[in-house]
1. Taking region 34-45 as the region of interest, how many residues are within 15 Å of GLN109 (Cβ to Cβ) and part of a loop (DSSP other than H, G, I, E, B)?
2. Scan region 196-217 residue by residue and report those that are among the small types (Gly, Ala, Ser) and either more than 16 Å from the ligand (Cβ to nearest atom) or not in a helix (DSSP H, G or I) (or both).
3. Can you confirm whether PHE321 is within 13 Å of the ligand (Cβ to nearest atom) and open to solvent by 20 Å² or more (accessible area, probe 1.4 Å)?
4. Going through GLU332, GLU326 one at a time, which residue ends up being more than 12 Å from the ligand (Cβ to nearest atom), surrounded by fewer than 18 Cβ atoms within 10 Å (Cβ to Cβ) and under 20 Å from the mean Cα position of the chain (by Cα)?
5. GLY454 - would you say it is under 27 Å from the mean Cα position of the chain (by Cα), among the small types (Gly, Ala, Ser) and either under 24 Å from VAL349 (Cα atoms) or open to solvent by 50 Å² or more (accessible area, probe 1.4 Å) (or both)?
6. With respect to TYR301, determine if the residue is within 14 Å of the ligand (Cβ to nearest atom) and not polar (S, T, N, Q).
7. So which pairs qualify, if the first residue must be in region 307-329 and within 20 Å of ILE296 (Cβ to Cβ), the second must be at pLDDT below 95, the Cβ gap must be under 6 Å, and the two must be at least 6 apart or on different chains?
8. Looking only at residues in region 61-97 that are among the hydroxyl-bearing types (Ser, Thr, Tyr) and surrounded by fewer than 18 Cβ atoms within 10 Å (Cβ to Cβ), which one is farthest from VAL117 (Cα to Cα)?
Amino acid sequence: MATAVRNSTLAFHAGHLRTNPRAGSALERVRNRTANIAILGLGHVGLPTALNFCEMGWQVLGADSSPEILEILRRGDVPFYERGLQELLTKHLGLKFHVVDDLGAAIRQATVLFICVGTPQRENGEANLSQVESVARSIASNLNDYKLVVGKSTVPAITAQWVRRTIQRYSHAHDNGAIEFVEPEFDVASSPEFLREGAALHDLLHPDRIVCGIESDVARDILQEIYKTTNAPILVTETSTAELIKHAANSFLSMKISFINMVADLCEAVGADVDKVADGIGMDPRIGPGFLKAGIGFGGYCFPKDLRAFIHLAEDYGLEFPLLREVININELRAESFLKKVRRALWVVQGKTIGVLGLAFKPGTDDTRESPSMRIVHALLEQGAILQLHDPKAIPNLRTNFPEREHEFVYCDDPYQAARRAHALLLLTDWPEYKSLDLDRIRNFMEVPVVVDGRNIFEPTSMENAGFEYYSIGR
Ligand code: UDX
(Lines give C-alpha, C1' and ligand atoms only; values in the text may rest on other atoms or scores of the structure.)
Protein backbone atom coordinates (compact mmCIF):
# COMPACT_ATOMS: atom_id res chain seq x y z
CA MET A 1 0.00 0.00 0.00
CA ALA A 2 1.31 3.46 -0.86
CA THR A 3 0.24 6.92 0.20
CA ALA A 4 1.21 10.08 -1.71
CA VAL A 5 1.08 13.08 0.56
CA ARG A 6 2.61 16.49 1.10
CA ASN A 7 5.17 16.14 3.82
CA SER A 8 3.18 18.17 6.33
CA THR A 9 0.34 15.65 6.29
CA LEU A 10 2.33 12.46 5.98
CA ALA A 11 0.26 9.44 6.84
CA PHE A 12 0.91 5.76 6.64
CA HIS A 13 -1.50 2.89 6.91
CA ALA A 14 0.46 -0.31 6.41
CA GLY A 15 -0.81 -3.29 8.28
CA HIS A 16 2.26 -4.70 9.98
CA LEU A 17 4.50 -1.96 11.25
CA ARG A 18 7.37 -2.84 13.50
CA THR A 19 8.08 -0.23 16.16
CA ASN A 20 11.25 -0.08 18.14
CA PRO A 21 10.52 1.31 21.59
CA ARG A 22 14.14 2.37 22.11
CA ALA A 23 14.16 4.52 19.00
CA GLY A 24 12.30 7.45 20.55
CA SER A 25 15.39 9.28 21.70
CA ALA A 26 16.92 8.91 18.23
CA LEU A 27 13.84 10.58 16.78
CA GLU A 28 14.20 13.36 19.36
CA ARG A 29 17.85 13.90 18.34
CA VAL A 30 16.77 14.10 14.70
CA ARG A 31 14.01 16.57 15.63
CA ASN A 32 16.38 18.83 17.51
CA ARG A 33 19.10 18.35 14.88
CA THR A 34 21.71 16.94 17.22
CA ALA A 35 21.78 13.64 15.31
CA ASN A 36 24.47 13.10 12.70
CA ILE A 37 23.89 11.69 9.25
CA ALA A 38 26.41 9.24 7.76
CA ILE A 39 26.76 8.80 4.02
CA LEU A 40 28.33 5.45 3.28
CA GLY A 41 29.75 5.63 -0.25
CA LEU A 42 30.80 8.96 -1.75
CA GLY A 43 30.22 8.48 -5.47
CA HIS A 44 27.90 10.24 -7.92
CA VAL A 45 24.93 9.74 -5.57
CA GLY A 46 26.61 9.81 -2.14
CA LEU A 47 28.70 12.95 -2.42
CA PRO A 48 25.97 15.27 -3.78
CA THR A 49 23.54 13.78 -1.23
CA ALA A 50 26.01 14.42 1.60
CA LEU A 51 26.63 18.02 0.61
CA ASN A 52 22.94 18.65 0.07
CA PHE A 53 22.27 17.47 3.65
CA CYS A 54 24.99 19.91 4.80
CA GLU A 55 23.11 22.66 2.97
CA MET A 56 20.00 21.61 4.89
CA GLY A 57 21.92 22.16 8.13
CA TRP A 58 22.92 18.59 9.06
CA GLN A 59 26.27 17.44 10.35
CA VAL A 60 27.36 14.79 7.86
CA LEU A 61 30.02 12.11 8.13
CA GLY A 62 31.16 10.74 4.78
CA ALA A 63 32.92 7.39 4.39
CA ASP A 64 34.07 5.43 1.38
CA SER A 65 36.08 2.25 0.88
CA SER A 66 38.39 3.97 -1.62
CA PRO A 67 41.38 5.65 0.07
CA GLU A 68 41.98 7.63 -3.17
CA ILE A 69 38.50 9.19 -3.03
CA LEU A 70 38.96 10.07 0.65
CA GLU A 71 42.34 11.62 -0.07
CA ILE A 72 40.99 13.73 -2.96
CA LEU A 73 38.10 14.94 -0.79
CA ARG A 74 40.30 15.67 2.15
CA ARG A 75 42.44 17.88 -0.11
CA GLY A 76 39.23 19.77 -0.85
CA ASP A 77 38.79 18.50 -4.43
CA VAL A 78 35.86 16.62 -5.94
CA PRO A 79 36.71 13.26 -7.56
CA PHE A 80 34.41 13.80 -10.59
CA TYR A 81 32.81 16.73 -12.33
CA GLU A 82 29.33 17.73 -11.20
CA ARG A 83 28.12 21.30 -11.53
CA GLY A 84 28.22 23.22 -8.22
CA LEU A 85 29.70 20.36 -6.21
CA GLN A 86 33.17 21.85 -5.80
CA GLU A 87 31.70 25.04 -4.35
CA LEU A 88 29.62 23.08 -1.81
CA LEU A 89 32.58 20.94 -0.79
CA THR A 90 34.71 24.04 -0.24
CA LYS A 91 31.88 25.56 1.80
CA HIS A 92 31.24 22.59 4.10
CA LEU A 93 34.45 20.57 4.36
CA GLY A 94 35.57 20.38 7.97
CA LEU A 95 32.54 22.38 9.16
CA LYS A 96 29.43 20.39 8.37
CA PHE A 97 31.01 17.72 6.16
CA HIS A 98 33.57 15.42 7.72
CA VAL A 99 35.49 12.87 5.68
CA VAL A 100 35.97 9.78 7.85
CA ASP A 101 38.52 7.02 7.12
CA ASP A 102 36.97 4.50 9.43
CA LEU A 103 33.57 3.32 8.24
CA GLY A 104 32.86 1.95 11.74
CA ALA A 105 33.47 5.37 13.29
CA ALA A 106 31.05 7.02 10.85
CA ILE A 107 28.42 4.41 11.74
CA ARG A 108 28.92 4.77 15.49
CA GLN A 109 28.74 8.56 15.43
CA ALA A 110 25.60 8.80 13.30
CA THR A 111 21.93 8.05 13.84
CA VAL A 112 20.77 7.95 10.23
CA LEU A 113 22.93 5.97 7.81
CA PHE A 114 22.43 6.33 4.06
CA ILE A 115 23.85 3.47 2.01
CA CYS A 116 25.09 5.01 -1.25
CA VAL A 117 27.64 2.42 -2.39
CA GLY A 118 27.85 1.15 -5.96
CA THR A 119 25.72 -1.72 -7.22
CA PRO A 120 27.64 -2.66 -10.39
CA GLN A 121 26.42 -5.39 -12.70
CA ARG A 122 27.71 -8.92 -12.82
CA GLU A 123 28.40 -10.58 -16.15
CA ASN A 124 24.93 -12.18 -16.16
CA GLY A 125 23.29 -8.78 -15.68
CA GLU A 126 22.27 -9.15 -12.04
CA ALA A 127 23.20 -6.44 -9.54
CA ASN A 128 26.34 -7.15 -7.58
CA LEU A 129 25.34 -6.33 -4.01
CA SER A 130 28.58 -7.23 -2.31
CA GLN A 131 29.30 -3.60 -1.36
CA VAL A 132 25.82 -3.29 0.16
CA GLU A 133 26.37 -6.48 2.13
CA SER A 134 29.77 -5.37 3.29
CA VAL A 135 28.34 -2.06 4.59
CA ALA A 136 25.49 -3.95 6.31
CA ARG A 137 28.04 -6.14 8.08
CA SER A 138 29.99 -3.09 9.21
CA ILE A 139 26.75 -1.64 10.57
CA ALA A 140 26.13 -4.91 12.42
CA SER A 141 29.46 -4.70 14.18
CA ASN A 142 29.07 -1.04 15.09
CA LEU A 143 25.54 -0.91 16.46
CA ASN A 144 26.22 1.19 19.54
CA ASP A 145 22.75 2.79 19.55
CA TYR A 146 19.54 2.90 17.51
CA LYS A 147 20.25 3.44 13.79
CA LEU A 148 17.99 4.07 10.84
CA VAL A 149 19.65 2.40 7.84
CA VAL A 150 18.39 3.89 4.59
CA GLY A 151 19.18 2.41 1.18
CA LYS A 152 19.73 5.10 -1.48
CA SER A 153 21.61 3.05 -4.06
CA THR A 154 19.53 1.53 -6.85
CA VAL A 155 18.95 -2.06 -5.77
CA PRO A 156 16.62 -4.93 -6.65
CA ALA A 157 13.45 -5.37 -4.61
CA ILE A 158 13.92 -7.08 -1.25
CA THR A 159 17.47 -5.77 -0.78
CA ALA A 160 16.33 -3.86 2.33
CA GLN A 161 15.06 -7.15 3.73
CA TRP A 162 18.48 -8.67 3.16
CA VAL A 163 20.15 -5.66 4.77
CA ARG A 164 17.93 -6.19 7.81
CA ARG A 165 18.72 -9.90 7.90
CA THR A 166 22.43 -9.29 7.45
CA ILE A 167 22.57 -6.75 10.27
CA GLN A 168 20.63 -9.11 12.52
CA ARG A 169 22.79 -12.10 11.62
CA TYR A 170 26.12 -10.45 12.12
CA SER A 171 25.22 -8.49 15.19
CA HIS A 172 23.97 -11.78 16.68
CA ALA A 173 27.31 -13.32 15.85
CA HIS A 174 28.82 -10.47 17.80
CA ASP A 175 26.71 -11.23 20.83
CA ASN A 176 28.10 -14.74 21.24
CA GLY A 177 28.55 -15.45 24.90
CA ALA A 178 26.42 -12.53 26.03
CA ILE A 179 24.39 -13.41 29.10
CA GLU A 180 21.34 -11.56 27.96
CA PHE A 181 20.63 -11.19 24.26
CA VAL A 182 19.53 -7.69 23.31
CA GLU A 183 17.62 -7.21 20.05
CA PRO A 184 19.76 -4.88 17.92
CA GLU A 185 18.28 -1.41 17.71
CA PHE A 186 17.82 -0.41 14.12
CA ASP A 187 15.31 -0.01 11.33
CA VAL A 188 15.83 -0.37 7.62
CA ALA A 189 14.26 1.89 5.04
CA SER A 190 14.55 2.47 1.33
CA SER A 191 14.59 5.95 -0.14
CA PRO A 192 15.87 5.59 -3.70
CA GLU A 193 17.56 8.57 -5.28
CA PHE A 194 16.36 9.82 -8.66
CA LEU A 195 19.05 12.44 -9.30
CA ARG A 196 20.59 12.76 -12.74
CA GLU A 197 24.30 13.17 -13.24
CA GLY A 198 25.03 16.70 -14.39
CA ALA A 199 21.94 18.00 -12.59
CA ALA A 200 22.50 16.28 -9.25
CA LEU A 201 22.28 19.30 -6.97
CA HIS A 202 19.30 20.72 -8.80
CA ASP A 203 17.49 17.37 -8.54
CA LEU A 204 18.30 17.06 -4.83
CA LEU A 205 16.99 20.55 -4.16
CA HIS A 206 13.90 20.20 -6.34
CA PRO A 207 12.91 16.54 -6.41
CA ASP A 208 9.68 15.56 -8.23
CA ARG A 209 8.89 13.21 -5.40
CA ILE A 210 10.50 11.52 -2.44
CA VAL A 211 9.91 7.83 -2.00
CA CYS A 212 10.14 6.49 1.53
CA GLY A 213 9.99 2.73 1.91
CA ILE A 214 9.63 2.07 5.61
CA GLU A 215 8.82 -0.65 8.13
CA SER A 216 8.19 1.34 11.30
CA ASP A 217 6.59 4.53 12.52
CA VAL A 218 9.93 5.76 13.81
CA ALA A 219 11.61 5.27 10.44
CA ARG A 220 8.77 7.17 8.79
CA ASP A 221 8.95 9.99 11.35
CA ILE A 222 12.72 10.31 11.02
CA LEU A 223 12.60 10.44 7.24
CA GLN A 224 9.73 12.93 7.37
CA GLU A 225 11.80 15.13 9.65
CA ILE A 226 14.83 14.90 7.38
CA TYR A 227 12.88 15.72 4.24
CA LYS A 228 10.57 18.29 5.80
CA THR A 229 12.24 21.27 4.16
CA THR A 230 11.80 19.71 0.73
CA ASN A 231 8.65 20.86 -0.98
CA ALA A 232 7.96 17.61 -2.81
CA PRO A 233 5.24 14.99 -2.44
CA ILE A 234 6.34 12.06 -0.32
CA LEU A 235 5.23 8.60 -1.31
CA VAL A 236 5.27 6.23 1.64
CA THR A 237 5.40 2.52 0.87
CA GLU A 238 6.96 -0.64 2.16
CA THR A 239 10.61 -1.12 1.34
CA SER A 240 10.26 -3.55 -1.59
CA THR A 241 7.80 -1.25 -3.36
CA ALA A 242 10.19 1.68 -2.93
CA GLU A 243 13.02 -0.36 -4.41
CA LEU A 244 10.88 -1.46 -7.32
CA ILE A 245 9.79 2.11 -8.07
CA LYS A 246 13.38 3.07 -8.84
CA HIS A 247 14.02 0.15 -11.21
CA ALA A 248 10.64 0.63 -12.88
CA ALA A 249 11.26 4.37 -13.37
CA ASN A 250 14.66 3.88 -14.99
CA SER A 251 13.36 1.06 -17.18
CA PHE A 252 10.36 3.09 -18.30
CA LEU A 253 12.52 6.09 -19.21
CA SER A 254 14.92 3.91 -21.21
CA MET A 255 11.92 2.37 -22.94
CA LYS A 256 10.79 5.83 -24.06
CA ILE A 257 14.23 6.50 -25.54
CA SER A 258 14.41 3.19 -27.43
CA PHE A 259 10.86 3.73 -28.65
CA ILE A 260 11.63 7.16 -30.11
CA ASN A 261 14.86 5.84 -31.62
CA MET A 262 12.92 3.19 -33.54
CA VAL A 263 10.45 5.87 -34.62
CA ALA A 264 13.46 7.91 -35.80
CA ASP A 265 14.51 5.09 -38.12
CA LEU A 266 11.00 4.92 -39.48
CA CYS A 267 10.97 8.71 -39.97
CA GLU A 268 14.17 8.46 -42.00
CA ALA A 269 12.64 5.72 -44.13
CA VAL A 270 9.46 7.67 -44.94
CA GLY A 271 10.94 11.19 -44.94
CA ALA A 272 9.30 12.41 -41.71
CA ASP A 273 10.84 14.44 -38.86
CA VAL A 274 11.29 12.61 -35.55
CA ASP A 275 11.68 15.79 -33.50
CA LYS A 276 8.27 16.95 -34.66
CA VAL A 277 6.80 13.51 -34.02
CA ALA A 278 8.22 13.69 -30.47
CA ASP A 279 6.69 17.16 -30.01
CA GLY A 280 3.37 15.91 -31.31
CA ILE A 281 3.13 12.85 -29.11
CA GLY A 282 4.69 14.59 -26.09
CA MET A 283 1.86 17.15 -26.01
CA ASP A 284 -0.41 14.35 -24.89
CA PRO A 285 -0.14 14.46 -21.08
CA ARG A 286 -0.53 10.69 -21.00
CA ILE A 287 2.79 10.44 -22.85
CA GLY A 288 4.63 13.59 -21.74
CA PRO A 289 7.45 15.35 -23.60
CA GLY A 290 10.44 14.06 -21.59
CA PHE A 291 12.88 11.42 -22.76
CA LEU A 292 11.75 11.52 -26.36
CA LYS A 293 14.94 12.87 -27.86
CA ALA A 294 16.17 10.56 -30.59
CA GLY A 295 19.89 10.04 -30.94
CA ILE A 296 22.73 7.56 -30.66
CA GLY A 297 21.19 5.87 -27.62
CA PHE A 298 21.34 6.04 -23.87
CA GLY A 299 24.43 5.33 -21.80
CA GLY A 300 25.86 6.07 -18.39
CA TYR A 301 26.18 4.12 -15.21
CA CYS A 302 22.46 3.72 -14.53
CA PHE A 303 20.17 2.90 -17.44
CA PRO A 304 22.06 -0.01 -19.06
CA LYS A 305 22.93 -1.59 -15.71
CA ASP A 306 19.54 -1.04 -14.07
CA LEU A 307 17.66 -2.44 -17.05
CA ARG A 308 19.70 -5.64 -16.93
CA ALA A 309 19.27 -5.90 -13.17
CA PHE A 310 15.50 -5.42 -13.49
CA ILE A 311 15.26 -8.13 -16.17
CA HIS A 312 17.35 -10.39 -13.97
CA LEU A 313 15.14 -9.76 -10.96
CA ALA A 314 12.04 -10.65 -12.99
CA GLU A 315 13.68 -13.84 -14.25
CA ASP A 316 14.66 -14.77 -10.72
CA TYR A 317 10.96 -14.87 -10.00
CA GLY A 318 10.17 -16.85 -13.15
CA LEU A 319 8.99 -13.88 -15.23
CA GLU A 320 10.33 -13.13 -18.71
CA PHE A 321 10.53 -9.44 -19.60
CA PRO A 322 11.18 -9.47 -23.39
CA LEU A 323 9.94 -5.89 -23.66
CA LEU A 324 12.96 -4.68 -21.72
CA ARG A 325 15.34 -7.01 -23.58
CA GLU A 326 14.21 -5.29 -26.76
CA VAL A 327 14.85 -1.87 -25.18
CA ILE A 328 18.47 -2.97 -24.69
CA ASN A 329 18.75 -4.51 -28.17
CA ILE A 330 17.48 -1.35 -29.87
CA ASN A 331 19.88 0.73 -27.82
CA GLU A 332 22.86 -1.44 -28.67
CA LEU A 333 22.18 -1.08 -32.39
CA ARG A 334 22.21 2.73 -32.25
CA ALA A 335 25.99 3.09 -32.41
CA GLU A 336 26.20 0.70 -35.38
CA SER A 337 23.48 2.53 -37.29
CA PHE A 338 25.24 5.85 -36.62
CA LEU A 339 28.50 4.36 -37.93
CA LYS A 340 26.67 3.32 -41.10
CA LYS A 341 25.60 6.92 -41.53
CA VAL A 342 29.21 8.05 -41.17
CA ARG A 343 30.33 5.46 -43.72
CA ARG A 344 27.59 6.57 -46.11
CA ALA A 345 28.75 10.17 -45.74
CA LEU A 346 32.48 9.45 -46.12
CA TRP A 347 32.49 6.28 -48.25
CA VAL A 348 35.98 5.22 -47.06
CA VAL A 349 36.74 5.83 -43.37
CA GLN A 350 40.32 4.59 -43.32
CA GLY A 351 42.84 7.41 -43.32
CA LYS A 352 40.18 10.14 -42.94
CA THR A 353 40.50 12.78 -40.22
CA ILE A 354 37.30 12.93 -38.18
CA GLY A 355 36.49 15.55 -35.55
CA VAL A 356 34.42 14.31 -32.64
CA LEU A 357 32.47 16.68 -30.42
CA GLY A 358 31.26 15.09 -27.19
CA LEU A 359 32.55 12.01 -25.36
CA ALA A 360 30.61 12.04 -22.07
CA PHE A 361 27.42 9.95 -22.07
CA LYS A 362 25.46 13.19 -21.73
CA PRO A 363 26.13 16.89 -21.10
CA GLY A 364 27.00 18.22 -17.66
CA THR A 365 29.25 15.34 -16.66
CA ASP A 366 32.75 14.02 -17.31
CA ASP A 367 31.41 10.46 -17.11
CA THR A 368 32.14 8.25 -20.13
CA ARG A 369 30.89 4.97 -18.63
CA GLU A 370 28.80 3.13 -21.24
CA SER A 371 28.90 6.29 -23.33
CA PRO A 372 27.61 5.64 -26.86
CA SER A 373 30.17 8.22 -28.05
CA MET A 374 33.00 6.02 -26.85
CA ARG A 375 31.63 3.02 -28.69
CA ILE A 376 31.60 5.05 -31.89
CA VAL A 377 35.09 6.44 -31.23
CA HIS A 378 36.63 2.99 -30.68
CA ALA A 379 34.93 1.56 -33.77
CA LEU A 380 36.17 4.44 -35.96
CA LEU A 381 39.67 4.01 -34.62
CA GLU A 382 39.57 0.33 -35.53
CA GLN A 383 38.46 1.30 -39.02
CA GLY A 384 41.60 3.41 -39.42
CA ALA A 385 40.23 6.94 -38.89
CA ILE A 386 42.39 9.70 -37.39
CA LEU A 387 40.34 11.12 -34.51
CA GLN A 388 40.43 14.67 -33.16
CA LEU A 389 38.44 14.59 -29.92
CA HIS A 390 36.81 17.36 -27.96
CA ASP A 391 34.66 17.33 -24.83
CA PRO A 392 34.31 20.21 -22.35
CA LYS A 393 34.88 17.91 -19.35
CA ALA A 394 35.59 14.27 -20.18
CA ILE A 395 39.11 14.37 -21.67
CA PRO A 396 41.01 13.95 -18.36
CA ASN A 397 38.91 10.81 -17.76
CA LEU A 398 39.81 9.43 -21.18
CA ARG A 399 43.48 10.06 -20.54
CA THR A 400 43.22 8.08 -17.29
CA ASN A 401 41.02 5.29 -18.64
CA PHE A 402 42.70 4.75 -22.01
CA PRO A 403 46.41 5.45 -21.51
CA GLU A 404 47.14 3.04 -24.39
CA ARG A 405 45.27 5.40 -26.75
CA GLU A 406 47.37 8.44 -25.80
CA HIS A 407 49.19 8.37 -29.17
CA GLU A 408 46.12 7.49 -31.21
CA PHE A 409 43.61 10.05 -29.95
CA VAL A 410 44.29 13.69 -30.76
CA TYR A 411 42.85 15.64 -27.81
CA CYS A 412 41.64 19.13 -28.67
CA ASP A 413 41.18 22.12 -26.37
CA ASP A 414 38.29 23.55 -28.35
CA PRO A 415 35.77 22.36 -30.94
CA TYR A 416 37.41 24.38 -33.74
CA GLN A 417 40.66 22.50 -33.25
CA ALA A 418 38.71 19.25 -33.59
CA ALA A 419 37.30 20.48 -36.91
CA ARG A 420 40.70 21.43 -38.36
CA ARG A 421 41.30 19.69 -41.72
CA ALA A 422 38.58 17.17 -40.83
CA HIS A 423 36.70 15.23 -43.51
CA ALA A 424 33.73 15.01 -41.16
CA LEU A 425 32.65 16.42 -37.83
CA LEU A 426 30.54 14.18 -35.56
CA LEU A 427 28.30 15.58 -32.81
CA LEU A 428 27.90 12.90 -30.18
CA THR A 429 26.98 14.67 -26.91
CA ASP A 430 24.52 17.56 -26.80
CA TRP A 431 26.61 19.97 -24.74
CA PRO A 432 24.82 23.37 -24.86
CA GLU A 433 28.03 25.13 -25.97
CA TYR A 434 27.98 23.19 -29.25
CA LYS A 435 24.69 24.85 -30.14
CA SER A 436 26.35 28.25 -30.30
CA LEU A 437 29.39 27.27 -32.39
CA ASP A 438 30.53 29.75 -35.05
CA LEU A 439 29.54 27.59 -38.02
CA ASP A 440 31.39 29.70 -40.61
CA ARG A 441 34.57 29.24 -38.64
CA ILE A 442 33.97 25.50 -38.33
CA ARG A 443 33.33 25.17 -42.07
CA ASN A 444 36.45 27.14 -42.96
CA PHE A 445 38.57 24.90 -40.75
CA MET A 446 37.30 21.69 -42.30
CA GLU A 447 38.77 19.84 -45.27
CA VAL A 448 35.28 18.77 -46.33
CA PRO A 449 32.23 20.34 -44.65
CA VAL A 450 30.43 17.14 -43.64
CA VAL A 451 28.61 17.11 -40.29
CA VAL A 452 26.98 13.98 -38.86
CA ASP A 453 24.86 15.02 -35.90
CA GLY A 454 23.99 12.17 -33.53
CA ARG A 455 21.95 14.41 -31.20
CA ASN A 456 20.00 16.62 -33.60
CA ILE A 457 21.68 19.72 -32.21
CA PHE A 458 21.25 21.71 -35.44
CA GLU A 459 18.43 22.35 -37.88
CA PRO A 460 18.91 20.65 -41.26
CA THR A 461 17.96 23.71 -43.33
CA SER A 462 20.20 26.14 -41.44
CA MET A 463 23.12 23.71 -41.75
CA GLU A 464 22.55 23.36 -45.47
CA ASN A 465 22.27 27.13 -45.81
CA ALA A 466 25.56 27.43 -43.91
CA GLY A 467 27.22 25.27 -46.58
CA PHE A 468 27.38 21.91 -44.82
CA GLU A 469 26.52 18.45 -46.04
CA TYR A 470 24.48 17.59 -42.97
CA TYR A 471 23.17 14.28 -41.64
CA SER A 472 21.13 13.88 -38.47
CA ILE A 473 18.84 11.36 -36.78
CA GLY A 474 15.33 10.65 -37.99
CA ARG A 475 14.98 13.76 -40.15
C1 UDX B 1 19.22 8.44 -14.94
C2 UDX B 1 17.83 8.86 -14.44
O3 UDX B 1 17.34 9.94 -15.24
C4 UDX B 1 17.90 9.27 -12.96
O5 UDX B 1 16.60 9.56 -12.49
C6 UDX B 1 18.49 8.12 -12.17
O7 UDX B 1 18.62 8.49 -10.81
C8 UDX B 1 19.83 7.70 -12.72
O9 UDX B 1 19.71 7.39 -14.13
P10 UDX B 1 21.44 9.71 -15.68
O11 UDX B 1 22.02 8.37 -15.96
O12 UDX B 1 22.26 10.70 -14.92
O13 UDX B 1 20.06 9.58 -14.87
O14 UDX B 1 21.10 10.39 -17.10
P15 UDX B 1 19.80 10.81 -17.92
O16 UDX B 1 19.72 12.26 -17.98
O17 UDX B 1 18.61 10.09 -17.49
O18 UDX B 1 20.23 10.29 -19.38
C19 UDX B 1 20.56 8.91 -19.60
C20 UDX B 1 20.95 8.67 -21.04
O21 UDX B 1 19.81 8.78 -21.89
C22 UDX B 1 21.98 9.66 -21.61
O23 UDX B 1 22.93 8.93 -22.37
C24 UDX B 1 21.17 10.58 -22.47
O25 UDX B 1 21.89 11.15 -23.53
C26 UDX B 1 20.10 9.62 -23.00
N27 UDX B 1 18.84 10.29 -23.39
C28 UDX B 1 18.09 10.92 -22.44
C29 UDX B 1 18.41 10.22 -24.70
O30 UDX B 1 19.08 9.62 -25.57
N31 UDX B 1 17.21 10.81 -25.03
C32 UDX B 1 16.44 11.44 -24.11
O33 UDX B 1 15.36 11.93 -24.49
C34 UDX B 1 16.88 11.51 -22.78
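1. Residues of region 34-45 within 15 Å of GLN109 (Cβ to Cβ): 34-40.
Remaining after also requiring part of a loop (DSSP other than H, G, I, E, B): 34-35.
Total satisfying the criteria: 2.
2. Applying the first criterion (among the small types (Gly, Ala, Ser)) to region 196-217 yields 198-200, 213, 216.
Of everything in region 196-217, those that are among the small types (Gly, Ala, Ser) and either more than 16 Å from the ligand (Cβ to nearest atom) or not in a helix (DSSP H, G or I) (or both) turn out to be GLY198, ALA199, GLY213, SER216.
3. On the way: within 13 Å of the ligand (Cβ to nearest atom): no; open to solvent by 20 Å² or more (accessible area, probe 1.4 Å): yes.
Against the criterion (within 13 Å of the ligand (Cβ to nearest atom) and open to solvent by 20 Å² or more (accessible area, probe 1.4 Å)), PHE321 does not qualify.
4. On the way: GLU326 fails: under 20 Å from the mean Cα position of the chain (by Cα).
The conditions single out GLU332.
5. Values: under 27 Å from the mean Cα position of the chain (by Cα): yes; among the small types (Gly, Ala, Ser): yes; either under 24 Å from VAL349 (Cα atoms) or open to solvent by 50 Å² or more (accessible area, probe 1.4 Å) (or both): yes.
Taking the combined requirement at face value, the residue satisfies it.
6. On the way: within 14 Å of the ligand (Cβ to nearest atom): yes; not polar (S, T, N, Q): yes.
Considered against the rule, which asks whether it is within 14 Å of the ligand (Cβ to nearest atom) and not polar (S, T, N, Q), TYR301 comes out as yes.
7. As it stands, the answer is ARG308/GLN121; ARG308/GLY125, since those pairs meet every condition given.
8. Let us first name the residues in region 61-97 that are among the hydroxyl-bearing types (Ser, Thr, Tyr), namely 65-66, 81, 90.
Remaining after also requiring surrounded by fewer than 18 Cβ atoms within 10 Å (Cβ to Cβ): 65-66, 90.
Details: SER65: 9, SER66: 11, THR90: 23 Å.
Filtering region 61-97 for residues that are among the hydroxyl-bearing types (Ser, Thr, Tyr) and surrounded by fewer than 18 Cβ atoms within 10 Å (Cβ to Cβ), the one farthest from VAL117 (Cα to Cα) comes out as THR90.
The values are calculated or read from the model by the stated rules, or taken from the named source; none is laboratory data. Remember, it's a predicted structure, so these values are computed and weren't measured experimentally. So basically every Cβ, Gly included, is an ideal-geometry build from the backbone, and we count neighbours across all protein chains shown. To get the accessible areas, we keep the full protein, side chains included, count just its heavy atoms, and leave off ligands, DNA and RNA. Shrake-Rupley method; radii C 1.70, N 1.55, O 1.52, S 1.80 Å.
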